[in-house]
2 protein chains.
Amino acid sequence: MGITKKDLFTSQQNELASLAKAFAHPARIAIIDYLLKSETCINGDLVQELGLAQATISQHLRELRDAGILKGSIEGSSICYCLDPTRWKEVESQFNNLFSRLSEPAKGDCC
Amino acid sequence: MGITKKDLFTSQQNELASLAKAFAHPARIAIIDYLLKSETCINGDLVQELGLAQATISQHLRELRDAGILKGSIEGSSICYCLDPTRWKEVESQFNNLFSRLSEPAKGDCC
DNA sequence: TTGTATTATTGCAATATTACGATAAAAATA
DNA sequence: TATTTTTATCGTAATATTGCAATAATACAA
């Protein structure tokens, strides 16, 4: 087994889970942190910054790119990555939609 | 390999990643959805609802419990699970802290 | 062209996750 | 007590993820 049964769930549930997965590794959080901080758009001094092998960073970048969170543009012989603000807002509201759904008062409260 | 190098990252980064991981499976999103919707606190009619085996549901519940998102209390022969509102707010603000850090204008903008 | 710098991809090895059947444990009921 | 109900845990199989060295692939410089 080990294969997620996506067909059992709604596309919304699958999408949110898949988004969360993009954030579910500290290296990817660190990459995002770096991009949030740094003025310049950035390439692979992430390798210096994070202490992971170049191949590993590249792999994490790809996952963030696949989730749409990053965009990269070729800048000479290096590649310039940055966050996609439009997508960022989208992602933010997807999570907020979830978080805002807790209607405070402890309802049937057994806990 | 296959082991995440947590020592390379800050505890904040590790914590957020670990939180995201709790949300990174559609079955766990579905469980949360169910708990957000349902008045009653709930046990394992999640098995009916989700179509996964009882053991699998139990495993997902445990991960959510370990992340602190759920609390369970023994209610006779069944167990009553519900979201922990305090923790929920905490989790919400952890994510919001991240999301709010994007300072709009495309800065050095190479992308 | 030849070399250098930068990033992606490929091909592993180690570990983690997902899923489920079988079984155990605890409480309610007959 | 014996049975049923409910949930957790164990063991196992299948798949996914993480990480890296080696190797492409691309652009620039000499």
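No value in this document is a laboratory result; all are computed from the given coordinates. Everything numeric in this text was worked out from a predicted model, so none of it was measured. Because the Cβ atoms are built from the backbone with ideal geometry, glycine has one as well, and the counts that use them run over all protein chains shown.
Summary table below
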quantity: Principal-axis tilt of helix A:11-22 within chain A, Cα atoms, nearest 10 degrees; calculated: 40
quantity: Simple spin-label estimate for A:E90 and B:A53 in nanometres, 7 Å along Cα-Cβ; calculated: 3.7
quantity: Label-point gap, in nm, between A:S77 and A:E15 - each point 7 angstrom along Cα→Cβ; calculated: 4.2
quantity: For B:55-66, mean number of other protein chain Cβ atoms within 10 Å; calculated: 0
quantity: Estimated 222 nm signal from helices in the protein assembly as shown, with DSSP H stretches of n ≥ 4 weighted -39500 (n - 2.57), rounded to 500; calculated: -16000 deg cm²/dmol
quantity: Environment charge of A:I31, counting only residues whose C-beta is closer than 12 Å and scoring Lys/Arg +1, Asp/Glu -1; calculated: 0
quantity: Other-copy label distances relative to A:P85, 7 angstrom Cα-Cβ extension, nm; calculated: 3.7
quantity: Principal-axis tilt of helix A:26-37 within chain A, Cα atoms, nearest 10 degrees; calculated: 70
quantity: Position B:T56, label points 7 Å along Cα→Cβ, spacing to each other copy in nm (shortest first, one decimal); calculated: 3.2
quantity: Cut-off under 5 Å, modelled amide H: who pairs with B:E75 long-range; calculated: B:C80
quantity: Teacher prompt: B:E39 distances to equivalent labels in other copies, 7 Å Cα→Cβ, nm; calculated: 5.9
quantity: Shielding of A:71-79 by partner chains, average beta-carbon count, 10 Å; calculated: 1
quantity: Table column - 3J(HN,Hα) (Hz), the range A:72-78, Karplus curve with 6.51, -1.76, 1.60, x for Gly and Pro; calculated: x, 10, 6, 10, x, 8, 10
quantity: Helix axis angle, B:54-66 relative to chain B longest principal axis, alpha carbon, degrees; calculated: 50
quantity: Restricting the range A:1-89 to trypsin sites (Lys or Arg not before Pro) in coil, as DSSP defines it, with at most 16 other Cβ within 10 Å; calculated: A:K5
